[in-house]
Amino acid sequence: MSDAPDHRPTMAAVSFGARLDWAAPWLMVPALILLGFFAIGSMSSWLTLTVSALAMGMMIFVMASGLTLVFGLMDVINFGHGAFVSVGAFVGVSTVLALGHWAGAPSLVLNLLAVGLGVLAAMLVTGVLGWIFERVIIRPVYGAHLKQILITMGGLIVVEQVIVMIWGPDEIFFARPETLKGAITFAGAALEKYRLLAVAVGLAVFVAMRLVLRRTRIGLIVRAGVENGEMVEALGYRLGMVFVGVFIAGSALAGLGGVMWGFYQEVITAGMGEDMMVLVFIVVIIGGLGSVEGAFIGALMVGLMQNYIAFLEPKAALISNIALMTAILMWRPQGMMPVVKAK
Amino acid sequence: MLSVLISGDRPRSVVLGVLLMAILIGLATAPFLFPGVRSLETAARICVFVVLVASYDLMLGYTGIVSFAHTMFFGLGAYGVALAVDGMERGFVPVVLGAVLGALAAAVLAFAIALFSLRVRAIFFAMITLAVASAVAVLVSQLSGLTGGEDGMTLRIPRELTPAFKLLNEPVLGVRFNGKLLNYYLVFSVSLVLFLVMLRVVNSPFGRVLQAIRENDFRAEAIGYRVVWYRTVATCLSAVMAALAGSLYALWLRYVGPDTVLSFEIMLDILLMTVIGGMGTMYGAAVGATLFVLAQTYLQSLMGVAAVALADVPLLPALLNPDRWLLWMGVLFILSVYFFPTGIVGRLRESVRSG
């Protein structure tokens, strides 16, 4: 008979790498920017590309944030999220076009007013649409992933076709408001004004979301609900109501993202939401399903990769996102910042 | 004998049995029963889509995995044949070689995707397939030097399968015995064989395990089946079948292009056919594909006629416009997932059980 193993505790310091582990995702974005700088070599093109990449990333984040939160909270995966993007873009752009004399005037105040009204209209419509969507489409299929995917996909088709019915099947081209056209020159690099605005708006949305989630009571309930919904309900909160609120907010954000994307591209089509969904899904998967911070980092990375690679090797840009996703999933199979479920 | 052929999976409903026999006989005798170019095209399309939808059902209905990349596998088979025919001499060798290589590529790709997504969470699979499929679709339309881009490629298929090849000089029963007819029967018989193979698979012990995973993957794992492995094999098998269906379709159309084999609309069609026919039964695929293709071919033109006829009535013409086809399909899709999750076949079988 052998002796029992000797239980001598060993004291090992946590390695530097392990202590850095939580920060690793956050470091990815600066690392990627730095890598891009050395790969591109030219200061001015690097600056232009980085700004447009960040703008793109921010817009994708605005669209993705609602989706990831909805999933984290209620385990609902909404394939129809792209419909809100399309609807937001069409409503917002139509509003701005209807306010043509404001948007065409060379006054910053009037321009911003027109765009602001457009955004407001878009968010209002997509918010209401989100509420209807949740009630009619998603409510009956809670807890059944397979049906959720199928039904929300059906919802996407129907909404898209309704857009085609109202606005016609052709793509709509338009110009941005006067003062948002053109670029400013900084350090020899041309930075488009609109992109800077998009970065600012995206950053504001992210900061606001973080503040709401971290500093307010409702944010606390949402975060607790993501981690362990049953427990929150047992404590007497009606998580269903919270969820409806989050769903509406997420839909409205998708609408905002749609307007921003529409003005970025200066063309809108009924299928744009569907196309954006691909990027949004990649972002959500990279970030870790349910994590807002993860989606933020993921969105910036996708934006950076796409812009840098399109500049360096245009043909490879088509698969750069898939390659990025593959690499991240090999590193962390759950995504960068998976939400820890206390179940 | 028949029972062995259909792997003991009886229709279990008289109406369903009659319906299936009607579909089989109708397709087998289509060139004679329904002469004309359009009806033959429809019949061939039905054959191909029965296989395609059945292979999708293997994933969706039997294993409970949602994939949006089925058109990608379908397209791999089609482009496999197209590229092989393009690069080699005219004959049957490149066709077979292309089909085999296409199926192989589909299997490898399916394996890679499954490895990445199914390991973690089945829900990842739906999203990742959507992303990969759209990337492949863009890639195909961009690499115009290889794939012909948006224009697609025209195939030089073996002469024996073209209308120029005559078997008999005189028409029999009003039907010309030419290569086109041979081509149809090639498509028909290969489709039938593939369908029966899949029927065999789902009624084997392997198929039973798949169903167990669909019902409760946690329990299946606890009993001792390696869920990830079974899901992966089912995905690969499904991809191979879809690729073979794609090869058949390319051979029949003598053309491949992004719109005919890769577009998202086809993916939606497949989803609709699977759900309408009935998830989780191979016969559902046959019924769903047949009804849907028939409706697509004939009902859509009927809608146009109705829209013109009702031009004076407000609102109705706008809703009956053939462009609204997809809208109605979407509505139908949502309604059928809600109210007929078991589809036509499930309903027919239920009515027998309760009656």
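Quick rundown of the values:
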read-out	value
Accessible area buried, both sides summed, chains B and A with 1.4 Å probe, Å²	3600
Net charge over other residues, Cβ less than 15 angstrom from the Cβ of A:LEU203 (K, R count +1; D, E count -1)	+1
Sum of side-chain charges, B:THR232 neighbourhood, beta-carbon under 12 Å (Lys, Arg +1; Asp, Glu -1)	+3
Chain lengthening between B:GLU89 and B:PHE34 when straightened (0.36 nm per residue, less Cα-Cα)	16.3 nm
Segment B:202-271: trypsin sites (Lys or Arg not before Pro) falling in loop per DSSP and having at most 13 other Cβ within 10 Å	B:ARG226
Structure-based [θ]222 nm, the protein assembly as shown - -39500 (n - 2.57) summed over DSSP H runs of at least 4, per residue, nearest 500	-23500 deg cm²/dmol
Sequence of A:ASP21, B:ASP312, B:ASP259 when ordered by accessible area, the most exposed leading, probe 1.4 angstrom	B:ASP312, B:ASP259, A:ASP21
For segment B:2-354, diffusion coefficient by Stokes-Einstein and Kirkwood Rh (Cα), 20 °C, 1.002 mPa s, µm²/s	101
Top positive-direction residue, dipole computed over segment B:2-354 with Cβ charges, set B:GLY207, B:LEU143, B:ALA44	B:GLY207
Surface share of carbon and sulfur [accessible, 1.4 angstrom probe, percent] for segment A:121-170	72
Accessible heavy-atom area order of B:LEU58, B:LEU173, highest first, probe of 1.4 Å	B:LEU173, B:LEU58
Quarter of Cα convex hull surface for chain A, i.e. mean projection, nm²	23.7
Percent carbon-and-sulfur accessible area, chain B, ignoring ligands, DNA and RNA, probe 1.4 Å	69
Efficiency of FRET between B:ARG12 and B:VAL175 - r from beta-carbon atoms, R0 30 angstrom, step 0.05	0.25
Zone residues, segment A:119-135, relative to A:ALA208, backbone N less than 14 Å from point 7 Å out along Cα-to-Cβ	A:119-124, A:127
Loop-located GluC sites (Glu not before Pro) in segment A:70-171, at most 13 other Cβ atoms within 10 Å (DSSP)	A:GLU171
Rounded accessible area of B:THR154 (nearest 10 Å², 1.4 Å probe)	110
More than 41 Å apart - percent of Cα-Cα pairs taken over the protein assembly as shown	34
Net charge of Cβ neighbours under 13 Å - reference A:ILE184; Lys, Arg +1; Asp, Glu -1	+2
Among A:LEU220, A:LEU47, A:LEU129: highest mean-square fluctuation, GNM of chain A, C-alpha pairs under 10 Å	A:LEU220
Calculated diffusion of segment B:273-355, Stokes-Einstein form, Kirkwood radius summed over Cα pairs, 10 °C and 1.306 mPa s, µm²/s	114
Most mobile listed residue (A:ALA114, A:ALA249, A:ALA327) in chain A, GNM with C-alpha springs under 10 Å	A:ALA327
FRET efficiency, A:ILE132 to A:ASP6 (Cβ-Cβ, R0 56 Å, nearest 0.05)	0.25
Accessible area expressed per residue, segment B:52-199, with surrounding protein chains retained (probe 1.4 Å, Å²)	40
Where B:LYS166, A:LYS181, B:LYS180 fall by accessible area, highest first, once all protein chains stay in place (1.4 Å)	B:LYS166, A:LYS181, B:LYS180
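The values are calculated or read from the model by the stated rules, or taken from the named source; none is laboratory data. None of these values were measured; they are calculated from a predicted model. All Cβ positions, even for glycine, are placed from backbone atoms using ideal geometry, and neighbour counts span all protein chains on display. Protein only, heavy atoms only, side chains kept; ligands, DNA and RNA dropped before computing areas. Shrake-Rupley method; radii C 1.70, N 1.55, O 1.52, S 1.80 Å.
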